[in-house]
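Structure, as structure tokens:
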Amino acid sequence: MSEMVQDTSFDVFDPNCPGRAVMEHIASRWGVLVLGVLLSGTQRFSELRRAVGGVSEKMLAQTLQALERDGLIHREVHPVIPPRVDYSLTDLGLPMAEQVRGLYRLIESSTEGILSAQAAYDERKIAR
């Protein structure tokens, strides 16, 4: 049995870094929201779709699949009729979701200032 050598020198600024794809899944438009919703506990697909306003079924399914592959969420299929599937954060996904929550809380608390900056920028652009 061969031992796997663990490389701890990952650098997401390197385009070949495998962590870059994971970062893209987490920080994607839908990934960040799914992780945030799952902080409140286990959710079914339909509950996630309602909670993440504006996401299509296809995009939610793709996002969940990517996050599951990365080991950040757990998908549990219950053998009942109709089928029931639950999604929850894994031990690996929980600290990442908590970091994401910090980011969206910062954005929420800064939105007024951001809107003011955007309006000022737009006024300067029009004035040129």
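The values are calculated or read from the model by the stated rules, or taken from the named source; none is laboratory data. The structure displayed is predicted, hence computed values, not measured ones. Note that each Cβ is placed from the backbone with ideal geometry, even for glycine, and that neighbours are counted across all protein chains shown.
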Quiz item: Quick one: would you say Asp11 is surrounded by 15 or more Cβ atoms within 10 Å (Cβ to Cβ) and outside any helix (DSSP H, G or I)?
Solution: no
Self-check item: Residue list for the stretch 71-128, filter: closer than 28 Å to Arg49 by Cβ and of a type in the set (Asp, Glu)
Solution: Glu76, Asp86, Asp91, Glu98, Glu108
Quiz item: So which of His78, His74 ends up being more than 13 Å from Ala97 (Cα to Cα) and either among the basic types (Lys, Arg) or in contact with a Lys or Arg (Cβ under 7 Å, 6 or more places away or on another chain) (or both)?
Solution: His78
Quiz item: Looking only at residues in the stretch 84-117 that are surrounded by fewer than 13 Cβ atoms within 10 Å (Cβ to Cβ) and acidic (Asp, Glu), which one is modelled with the lowest pLDDT?
Solution: Glu108
Quiz item: Which of the residues belonging to the stretch 63-83 are closer than 15 Å to Val22 by Cβ and surrounded by fewer than 15 Cβ atoms within 10 Å (Cβ to Cβ)?
Solution: Gln65, Arg69, Gly71
Quiz prompt | Selection count where residues are modelled with pLDDT of 95 or more and either more than 8 Å from the chain's Cα centre (by Cα) or not in a helix (DSSP H, G or I) (or both), scope the stretch 24-34 | solution = 1
Quiz item: Counting only residues that are free of Cβ contacts under 8 Å to residues at least 40 places away in the same chain and within 20 Å of Leu94 (Cβ to Cβ), which one in the stretch 35-59 is farthest from the chain's Cα centre (by Cα)?
Solution: Glu47
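One line per residue, one yes/no per condition, for (1) modelled with pLDDT of 95 or more; (2) outside any helix (DSSP H, G or I); (3) under 19 Å from Glu98 (Cα atoms):
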{"site": "Met4", "(1), (2), (3)": "no, yes, no"}
{"site": "Gly19", "(1), (2), (3)": "no, no, yes"}
{"site": "Val22", "(1), (2), (3)": "no, no, yes"}
{"site": "Ser40", "(1), (2), (3)": "yes, yes, yes"}
{"site": "Gly54", "(1), (2), (3)": "yes, yes, no"}
{"site": "Ala61", "(1), (2), (3)": "yes, no, no"}
{"site": "Leu67", "(1), (2), (3)": "yes, no, yes"}
